[in-house]
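Structure record follows, encoded as structure tokens.
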Amino acid sequence: MDKLPGQSSTGDMNSLVIRGGRKLSGEIEVSGSKNIALAILSAVVLAEEPVTLLNVPKISDTEIKGQLLEVFGAKVTWEGSTMHVDCSNLNAGHADEEMVRSIRTSFYMVGPLLARIGNLEMPAPGGCMIGARPVDLHLKGLHALGATIELDGGVYKASAKNLVGTEVYLDKPSAGATQHVMSTAALAKGTTIITNAAMEPEIIALAEFLNCIGAKVEGAGTSSITIHGKPTLSGGEYRIPADRIQAGTFLLAGAITGGTVRVNKIIPEDQTAVVNKLREAGAEVKIGSDWVSVGAPTRLEAVNITTMPHPGFPTDMQQPMAATLCVANGTSIVDETIYESRTGHISELSRMGAKIRQDGSSAVIQGVTELRGATVYASDLRAGAALCLAGLVAHGETIVKNIHFIDRGYERIEDTLKSLGADISRVLDS
Ligand code: UD1
């Protein structure tokens, strides 16, 4: 497998070295959304004709997903941030377990692949650092559509003679299960209605993509989605919208350092939960038709956060927000309700002088006036982003290790932060 962006050609790991204390200010754009790209790269196998995806983030997850598509017979070529995918000839390829485990959304290809080729095997995705992450709702939805899927020796063996539209009630509004059922149903016979569907912006974008290749999906963005199945789907061109989590992270970089950061070419509504909490904390938020800016001329006040499915506060912003609240005035409680173990940032922030304590899956944060640089380890993608934010405001030097996690969601995060005035560089670990 090719090296990950966080690795050198010899497989060594890189670190980010941050000298904190600068106010970050300026205007930036962010790359296309990781999670939308991954959802579409699962559904793209539905298309019998070539698909062109514009604005695809060049991160390890999308590159590996492209390699996985090739395993199943797709032809994949990159031209900068444009990805051409031709799935006209697919086969029941043999997916490598390591590759599948490294990208959880590999599993989200099972239904769309079944709809095209009738049977396949896919290694189980496994859990991860932020929680167990079961796939029971995916399986329930695919079974309801007529698929037979059995786990045998850590591998899902899937087959389907006919996929037939039906009603699917999701016990939880899972983003992944909604995407998986929606995509699979696009090639099922008849109509599927998903009730208690996830309402995340990623679902809306996936529906746009599916409709662009000839599907008929209605209601995406609400809790009830209707999919009228088609016998075949064509190809097309789709532009991946901007990454809302990257945008939120850089807005927090402005807030935590006391500067002003404006993120252009985004969908401002996607930031509603984050900017409302920032306003509550005393930040100055301005919103335009396709941009948001956040400034923090005075120290932020403590606020309480509870993560919720969209339109609630996004779990992916929980750790970056917790880092920001470490230097706010007063005590904040950050309650994580989606993932039981999204807490890897807590011990590392403590090493930097934060008064942060874990209480179950929540963090209790007593704001301090000063963080101090330290060597810290990212335990997962958003924990890594949180440590970078803390490093930006900390006195002295912070070394963030394990940055291959950060590279999974941010295209060279140091370049964007540097353009806003940060003192940050990527170094090869000795
Ligand atoms: C996606 C995002 C992730 C984000 C999450 C929630 C991608 C690649 N990842 O993950 O960044 O944090 O949405 O916004 O798009 N669950 C079950 N059974 C299932 C499926 C999910 O119990 O079959 C649970 C999960 O363990 C979790 C909750 O449902 O507690 C939400 O998960 P889900 O919305 O499915 O997240 P992902 O699609 O995996």
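Only the coordinates and a few stated rules stand behind these numbers; no lab work does. Values in this document were obtained by computation on a predicted structure and should not be read as measured data. Ideal geometry is used to build each Cβ from the backbone, glycine not excepted, and the neighbour counts take in all protein chains shown.
Listing for the model above:
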{"read-out": "Amide H contacts of THR375 (H built 1.01 Å from N, under 5 Å, at least 5 apart or other chain)", "value": "ILE399"}
{"read-out": "Fraction of antiparallel bridges per DSSP, the chain only, in percent to nearest 5", "value": "70"}
{"read-out": "Separation of alpha-carbon centers, segment 355-387 and segment 224-256, rounded to whole Å", "value": "29"}
{"read-out": "Hypothetical label at GLU284: residues of segment 383-405 whose amide nitrogen lies under 11 Å (7 Å Cα-Cβ projection)", "value": "none"}
{"read-out": "For segment 125-235, convex hull of alpha carbons as volume per residue, Å³", "value": "105"}
{"read-out": "Sequence-distant lysines (8 or more away, or on other chains) whose Cα lies within less than 25 Å of LYS23", "value": "LYS265, LYS277, LYS286, LYS355, LYS401, LYS418"}
{"read-out": "Amide H within-cut-off set for GLY353, under 5 Å, with H built and near neighbours excluded", "value": "ARG372"}
{"read-out": "Cβ-derived FRET efficiency at R0 41 Å, SER430 paired with GLU218, nearest 0.05", "value": "0.15"}
{"read-out": "Integer Hz, Karplus 6.51/-1.76/1.60 couplings in order for segment 283-288, x for Gly and Pro", "value": "6, 9, 10, 10, 10, x"}
{"read-out": "On Cα atoms only, tilt of 175-185 relative to the major axis of the chain in degrees", "value": "20"}
{"read-out": "Per principal axis, descending, Cα span of segment 34-239 in whole Å", "value": "40, 38, 34"}
{"read-out": "Charge tally in the Cβ shell below 15 Å around GLU48, where Lys, Arg are +1 and Asp, Glu are -1, GLU48 excluded", "value": "+1"}
{"read-out": "Cα convex hull of the chain - mean projected area over all directions, nm²", "value": "18.5"}
{"read-out": "Relative contact order, percent, the chain [alpha-carbon distance under 8 Å, six or more residues apart]", "value": "21"}
{"read-out": "Segment 34-239, relative contact order [Cα under 8 Å, separation at least 6], %", "value": "21"}
